[in-house]
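Peer 1: Got a structure here, written out as structure tokens. Questions coming.
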Amino acid sequence: MGSSKRAKIMKDREQRSFKAAEMRVEGDEKPSIRGYAAVFNVISEAIDWFREIIRPGAFSKTINDGADVRALFNHDPNFVIARTKSGTLKLKEDDKGLFVEIVPPDTTWARDLITSIRRGDVSQMSFGFETVKDRWGTEEGERMRELLEVKLFDVSPVTYPAYPQTSVSARSILTGQGIEFDAIAGILFRAKHGGEVNKIDHEIIIRSIEILKQFLPKSEPVESHSDGKNGNGAQVRNHDRFRRRLELAERELHNYKHYFGGQ
């Protein structure tokens, strides 16, 4: 696989970990790792500017199509615990979420991992995926993303949860909304080094600003409580501050559009 294709695949991948997920070891002579890598209809913690819900059926196409999914330790491809193709990894959706059954290899590091899980030192599971279909909305003033269908790559017991607010995940999500990160990076690099920034560059930046604006709820009056604290005042102020920055950036671009070949 070429380096550019590999980079594209890694860019599109996201990782998630939910507190409600659970994992345990069953059996002594031939132990297996069982649990939920994902749970349905549970609102995630804040992921920078939105929250997320996985809906039932999100993994069904991956499972039904017989995709070759791996079980890894800490999402590290050097530590393969099991694989659907070999029959050592079984996946199924039930009413709760994505249930996982792993038959680990009889290796030193896998036995060490089982011991760590039994002791509770490793207690969470994560999954790597690419979004196929999602739906966006607003609930109680917050942006909400529903995962309706995903392409599952791996499930993984993890030492530290792969928090979804990582730059890779944010980049992948916003790229899916039409923001051209690579193009913007090139524009900024050329501008910083005195290169030409043309009309097409200008249109890309304006379009990205318009897309970002869509994720901001309309301003609402902030109600003050008797103790001087605002119920959701901080959140509203952050939204307003971000909106003003976007509007200022857009206004400056229009004021200096002759730099971009505009009229």
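Peer 1: When you go through (1) assigned to a loop (DSSP other than H, G, I, E, B); (2) among the aliphatic types (A, V, I, L, M); (3) modelled with pLDDT of 60 or more; (4) open to solvent by less than 70 Å² (accessible area, probe 1.4 Å) one by one for residue 43, which number turns out not to apply?
Peer 2: Of everything listed in (1) assigned to a loop (DSSP other than H, G, I, E, B); (2) among the aliphatic types (A, V, I, L, M); (3) modelled with pLDDT of 60 or more; (4) open to solvent by less than 70 Å² (accessible area, probe 1.4 Å), residue 43 misses just condition (4).
Peer 1: Still on this structure, please answer the following. Could you check residue 195 against (1) of a type in the set (Gly, Ala, Ser); (2) at pLDDT 60 or above; (3) within 30 Å of residue 101 (Cα to Cα) and say which number it fails?
Peer 2: (3)
Peer 1: A further question on this structure: Scan region 195-211 for residues that are part of a loop (DSSP other than H, G, I, E, B) and open to solvent by 70 Å² or more (accessible area, probe 1.4 Å) and jot them down.
Peer 2: Matches in region 195-211: 196 only.
Peer 1: Just to be sure I understand, how many residues within region 53-81 are open to solvent by less than 30 Å² (accessible area, probe 1.4 Å) and either part of a strand (DSSP E or B) or in contact with a Gly (Cβ under 8 Å, 6 or more places away or on another chain) (or both)?
Peer 2: 5
Peer 1: Taking region 82-98 only, how many residues are out of contact with any Leu (no Cβ under 7 Å at 6 or more places or on another chain) and open to solvent by less than 60 Å² (accessible area, probe 1.4 Å)?
Peer 2: Within region 82-98, residues that are out of contact with any Leu (no Cβ under 7 Å at 6 or more places or on another chain) and open to solvent by less than 60 Å² (accessible area, probe 1.4 Å) number 6.
Peer 1: Turning to a different aspect of this structure: Just to verify a result, which residue in region 113-132, among those that are part of a strand (DSSP E or B) and touching a helix residue (DSSP H, G or I) at 6+ places or on another chain (Cβ under 9 Å), is least open to solvent (accessible area, probe 1.4 Å)?
Peer 2: Residue satisfying both the conditions and the ranking: 129.
Peer 1: Have a look at 171, 143 and point out the one that is surrounded by 14 or more Cβ atoms within 10 Å (Cβ to Cβ) and at pLDDT below 80.
Peer 2: 171
Peer 1: State the number of residues belonging to region 82-111 that are under 18 Å from residue 36 (Cα atoms) and not in a loop (DSSP other than H, G, I, E, B).
Peer 2: Total satisfying the criteria: 14.
The values are calculated or read from the model by the stated rules, or taken from the named source; none is laboratory data. Keep in mind that this is a model prediction, so the values were computed, not measured. Quick reminder, even Gly has a Cβ in these numbers, built from the backbone with ideal geometry, and neighbours come from all protein chains shown. When the accessible area is computed, the model is the full protein with side chains, heavy atoms only, and any ligands, DNA or RNA have been set aside. Shrake-Rupley method; radii C 1.70, N 1.55, O 1.52, S 1.80 Å.
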